[in-house]
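Throughout, read-outs are computed from the coordinates displayed, never taken from laboratory work. All values reported here derive from a predicted model rather than from experimental measurement. All Cβ positions, even for glycine, are placed from backbone atoms using ideal geometry, and neighbour counts span all protein chains on display.
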Ligand code: SKM
């Protein structure tokens, strides 16, 4: 008897993760045999736990904070996307015992933006990103690939934004956090990639007076779904896209690889999560 495919998400903490709900919903929707669980893995146990999941016959795993960078050391193969972003979130264990690392966050970001704002034009003008952490790295890659002419980066700790400019090159312009609102005037796409506005975190306080009403605005925070940042942008007349879709879309490639079915991200999926 062949085992039903198993997958999961590793991280620390992991209790907040919506991935088990998402993959569980897709398994039921497509009437597939399979199991997807949340697995707490502490930092110094990463390699041992990943090899153990592989030995148990797992088809693959999603990887979230704080393991997305260190997982690259364990992988036998790292995709070009994951190399460029410098992190992986989707691991597949092959039948011949290899650990394949990929990153689907850039894909998830772009699929969400295109679904939520079908008229969005990447070439219309500069995109502005608040934040310079791991999510910003994936978003820079996604925007650059989509053909955005310039990426304006701002971060409370400026040196982190400068480091990303050095890595990702000429297309990135760094502006000071305290002067970020001035640069908003130029931006046709605006993204909050910080945790500001998330339930329990500090508020997003950058003034949005200069935000153009023609801009498309998105947030990676999805709890709450309508963040104060998105509400302020909507009040200015902007097209807004919430952050839940990024999580849903980034799960698609892994689910397809592990369970053999490409799942839909639609209103039913959003309602189920
Ligand atoms: O990249 C994703 C990851 O695949 C799963 C996840 C989660 O379950 O919260 C969040 C993101 O890091």
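Side notes on the structure shown:
- Elements of type strands (runs of 3 or more DSSP E) in region 79-135, at least 2 residues being free of Cβ contacts under 8 Å to residues at least 60 places away in the same chain, more than 22 Å from residue 194 (Cα to Cα) and touching a strand residue (DSSP E or B) at 6+ places or on another chain (Cβ under 8 Å): 90-93, 99-102
- Checklist (1) assigned to a loop (DSSP other than H, G, I, E, B); (2) within 22 Å of residue 105 (Cα to Cα) applied to residue 202, failing item: (2)
- Test: residue in region 261-268 that is closer than 27 Å to residue 123 by Cα and in contact with a helix residue (DSSP H, G or I) (Cβ under 7 Å, 6 or more places away or on another chain): yes
- Scanning region 226-248 for residues that are surrounded by fewer than 18 Cβ atoms within 10 Å (Cβ to Cβ) and either within 16 Å of the ligand (Cβ to nearest atom) or within 12 Å of residue 197 (Cα to Cα) (or both) yields a count of 3.
- Considering region 28-47, and only residues there that are part of a helix (DSSP H, G or I) and free of Cβ contacts under 8 Å to residues at least 40 places away in the same chain, the residue that is nearest to residue 251 (Cα to Cα) turns out to be 28.
- Some residue of region 93-103 being on the phi > 0 side of the Ramachandran plot, within 15 Å of the ligand (Cβ to nearest atom) and surrounded by fewer than 19 Cβ atoms within 10 Å (Cβ to Cβ): no
- Check on residue 54, within 22 Å of residue 35 (Cα to Cα) and assigned to a helix (DSSP H, G or I): yes
- Residue list for region 61-77, restricted to those being surrounded by 13 or more Cβ atoms within 10 Å (Cβ to Cβ) and either part of a helix (DSSP H, G or I) or within 11 Å of the ligand (Cβ to nearest atom) (or both): 61, 62, 63, 64, 65, 66, 67, 68, 71, 72, 74
- Residue match in region 252-266 (condition: within 17 Å of the chain's Cα centre (by Cα), part of a helix (DSSP H, G or I), in contact (Cβ under 8 Å) with a residue 24 or more places away in the chain and closer than 25 Å to residue 119 by Cα): yes
- Every residue from region 11-48 that is closer than 22 Å to residue 259 by Cα and more than 16 Å from the ligand (Cβ to nearest atom): 28, 29, 30, 31, 32, 33, 34
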